[in-house]
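The values are calculated or read from the model by the stated rules, or taken from the named source; none is laboratory data. Source: prediction; values computed, not measured. In this analysis, Cβ positions are derived from the backbone assuming ideal geometry, glycine residues included, and neighbour counts consider all displayed protein chains.
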Ligand SMILES: [Zn+2]
């Protein structure tokens, strides 16, 4: 069993699935191994290790999530955790109408008066990510507040 753990926010992910699939998608045979992972919670750089190699006392202090190799792979591709994938209009509207925006990330497009927004942060720590679609701006991820920051 492999563990991907973050020493910044103390989130650990136990990866479930067939050994072969785990190993090639996110394990020792993947490009992420061992230090190319992004934390599923705080997006800091984090590490993969065999569970047997992780200090039990370290693991004991962490919030442990169990997800499949494919789910972790999707996270590494920027799609977030399965629990975060509710991005329907009602959810998005409620976020904008009930929480103050604290940060807008993006860039101006050179030689135009236009700009691109990548993500919008809210006062409760939620982060909403935007992409392009033929119909317009696409909300593809709403990341939950980081653990411990909900009350901020
Ligand atoms: Zn983290």
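Of the residues making up the range 67-85, at least one is part of a helix (DSSP H, G or I), over 14 Å from residue 41 (Cβ atoms), in the same structural domain as residue 17 (by TED's automatic domain parsing) and under 12 Å from the mean Cα position of the chain (by Cα).
Residue 126: touching a helix residue (DSSP H, G or I) at 6+ places or on another chain (Cβ under 8 Å) and not assigned by TED's automatic domain parsing to the domain that holds residue 45, yes or no? The answer is yes for residue 126. Only one of the numbered conditions (1) at positive phi; (2) within 13 Å of the ligand (Cβ to nearest atom) is not met by residue 78, and that is (2). Sub-7 Å Cβ pairs linking a first residue in the range 9-20 that is over 14 Å from residue 37 (Cα atoms) to a second residue that is away from the ligand (no atom under 16 Å from the Cβ) and assigned to a strand (DSSP E or B), at least 6 apart or interchain, are 16/66; 16/68; 17/68, ordered by first then second residue.
Tell me whether the range 19-37 contains one or more residues that are at pLDDT 95 or above, surrounded by 17 or more Cβ atoms within 10 Å (Cβ to Cβ) and within 11 Å of the ligand (Cβ to nearest atom). So far as the range 19-37 goes, yes, one or more of its residues are at pLDDT 95 or above, surrounded by 17 or more Cβ atoms within 10 Å (Cβ to Cβ) and within 11 Å of the ligand (Cβ to nearest atom).
Quick check: anything in the range 41-58 modelled with pLDDT of 95 or more, buried (at least 21 other Cβ atoms within 10 Å of the Cβ) and more than 16 Å from the ligand (Cβ to nearest atom)? Among the residues of the range 41-58, not one is modelled with pLDDT of 95 or more, buried (at least 21 other Cβ atoms within 10 Å of the Cβ) and more than 16 Å from the ligand (Cβ to nearest atom), which makes the answer no.
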